[in-house]
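Please treat every number below as a calculation from the coordinates, not as lab data. Remember, predicted model here, so these are calculated numbers, not experimental data. Cβ coordinates were reconstructed from backbone atoms using ideal geometry, including for glycine residues, and neighbour counts include every protein chain displayed.
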Amino acid sequence: MTMENNQLKVQLTNEKDAGRKKLNELKKGMEKEIDNIEAMRRKELLAAEETMEQQKQEQREMGMRHDALMSQKMAAAAKPTAVEDKTESTKPPSTLEKMEKLVAEQKTEIKRLKKDLRITIATWEKKFEILTKSFHAIKDEMFLRNNFQRQSAALHFASVSYTVR
């Protein structure tokens, strides 16, 4: 009986350790994945900021060109000749929109991964709790069996005697 108890204890301890290792591995993997995604998001944010800065610079240059053209038009307006407006059309901020959309997608992906991590951790904690409760139930059962065996052995050698008062 005690050998079985020891074997059960060893087996439950091994399962508990394996469960903890698996939980830690999953947790580390999810954290690595989240860190990678956050790093990619930061890089893309930096790239988006750089493109925004370039677009602002281009807009400033366009504004300066536009001012120069307007002054030329004013000067030409005094003359009867017509000058066509040759201002360049501004580039639509499609790259900016793409970057913002990408950032939003990555944020939702990070939220989803964090939710998955929480669910996985909760599942492993429940499994561990069940194993612990099972272990305690087995220990209680073994205690009861040992007590019953001791009691039966004690009753086997017991003698009944009556005393008169």
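The length gained by stretching the chain between ARG118 and ALA137 to full extension, at 0.36 nm per residue less their Cα-Cα distance, is 4.0 nm. Charge dipole of region 2-155 (Cα centre as origin; +1 on each Lys and Arg Cβ, -1 on each Asp and Glu Cβ, all else neutral): 760 debye, rounded to the nearest 20. From helices alone, the chain scores -32500 deg cm²/dmol at 222 nm; the rule is -39500 (n - 2.57) for each run of n ≥ 4 DSSP H residues, then divide by the residue total. Normalised Debye scattering of the chain at q = 0.09 Å⁻¹ gives log10 I(q)/I(0) of -0.67, counting only Cα atoms as equal scatterers and leaving out solvent.
Would you be so kind as to identify which of ALA154, GLN55, HIS136 lies farthest towards the positive end of the dipole of region 2-155, taking Lys and Arg as +1 and Asp and Glu as -1 on Cβ and the Cα centre as origin? Sorting the options by dipole projection puts first ALA154.
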